[in-house]
1. Could you give every pair whose Cβ atoms fall below 9 Å, whose first residue belongs to the stretch 46-64 and is free of Cβ contacts under 8 Å to residues at least 12 places away in the same chain, and whose second residue is loosely packed, with under 14 Cβ neighbours inside 10 Å and among the aliphatic types (A, V, I, L, M), counting only separations of at least 6 or pairs across chains?
2. Examine the stretch 47-57 for a residue that is under 12 Å from the mean Cα position of the chain (by Cα), in a helix (DSSP H, G or I), surrounded by 16 or more Cβ atoms within 10 Å (Cβ to Cβ) and among the small types (Gly, Ala, Ser), and state whether such a residue exists.
3. When you scan the stretch 1-42, how many residues do you find that are of a type in the set (Ser, Thr, Tyr) and not in a loop (DSSP other than H, G, I, E, B)?
4. Here is a list of conditions, (1) of a type in the set (A, V, I, L, M, F, W, C); (2) touching a residue at least 40 places away in the same chain (Cβ under 8 Å); (3) under 23 Å from LYS11 (Cα atoms); (4) surrounded by 15 or more Cβ atoms within 10 Å (Cβ to Cβ), and ILE88 meets all of them except one; can you say which number that is?
5. Being free of Cβ contacts under 8 Å to residues at least 12 places away in the same chain and hydrophobic (A, V, I, L, M, F, W, C) is the filter here, so list the residues in the stretch 65-76 that pass it.
6. Of these, ALA61, ALA66, which one is part of a helix (DSSP H, G or I), modelled with pLDDT of 95 or more and of a type in the set (Gly, Ala, Ser)?
7. For the condition loosely packed, with under 12 Cβ neighbours inside 10 Å, of a type in the set (A, V, I, L, M), farther than 15 Å from LYS86 by Cα and modelled with pLDDT of 95 or more, what is the one hit in ALA35, ALA25?
8. What about ALA66, is it among the small types (Gly, Ala, Ser) and crowded, with 18+ Cβ neighbours inside 10 Å?
Amino acid sequence: MSGRGLESKIKLIESFRKYDHYVGAQTMFAFLYIAQRTYFSAEDLRVMDVGIEMDTTSASASRNMAWLVKHDLIELYENPDKRIEKFIKLTKQGKQLAKKLEGL
């Protein structure tokens with residue numbers, strides 16, 4: 001065993017640490033899930049869907065979304081039919097990060 005297989009995982013974490021050295025694993029997971037569902041699979045995704053997938057509270061999901069918005073990786077927008085719901089999409093910078101991470 002050489003540990004070479006871990007190199008891409010370390011690079012993935014380092015990609016997020018460029019935004020914030022203290023980024024949590026839950027926030028990285030949220031971004032990866034959002035990128036996979038909205039960008040690569042072209043699905044609509046709500047903040048509450050991320051919370052359900054992560055098996056966490058809506059408050060925790062919202063904190064993760066706030067970090068991603070703060071670092072210009074995602075945008076949130078209201079569901080015009082149900083204003084309490086927020087949909088998620090990647091920003092230009094979020095798409096660039098998703099492409100980079102896919103290539104690791």
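1. Here the result reads GLY51/ALA59, each pair linking the stretch 46-64 to a residue that is loosely packed, with under 14 Cβ neighbours inside 10 Å and among the aliphatic types (A, V, I, L, M).
2. Yes, because at least one residue in the stretch 47-57 is under 12 Å from the mean Cα position of the chain (by Cα), in a helix (DSSP H, G or I), surrounded by 16 or more Cβ atoms within 10 Å (Cβ to Cβ) and among the small types (Gly, Ala, Ser).
3. First, pick out the residues of the stretch 1-42 that are of a type in the set (Ser, Thr, Tyr): 2, 8, 15, 19, 22, 27, 33, 38-39, 41.
Next cut, not in a loop (DSSP other than H, G, I, E, B) only: 8, 15, 27, 33, 38-39.
Count: 6.
4. (3)
5. Keep residues of the stretch 65-76 that are free of Cβ contacts under 8 Å to residues at least 12 places away in the same chain, which gives 66, 69-70.
If the condition is that a residue be free of Cβ contacts under 8 Å to residues at least 12 places away in the same chain and hydrophobic (A, V, I, L, M, F, W, C), then ALA66, VAL69 are the ones that fit.
6. Working: ALA61 fails: modelled with pLDDT of 95 or more.
Step by step, each of ALA61, ALA66 is checked, and only ALA66 is part of a helix (DSSP H, G or I), modelled with pLDDT of 95 or more and of a type in the set (Gly, Ala, Ser).
7. Values: ALA35 fails: loosely packed, with under 12 Cβ neighbours inside 10 Å.
Just a single option satisfies the conditions, and that option is ALA25.
8. On the way: among the small types (Gly, Ala, Ser): yes; crowded, with 18+ Cβ neighbours inside 10 Å: no.
No.
The values are calculated or read from the model by the stated rules, or taken from the named source; none is laboratory data. This structure is a prediction, so every number in the text was calculated from the model and none was measured. Cβ sites come from the backbone with ideal geometry, for glycine too, and all protein chains shown count toward neighbours.
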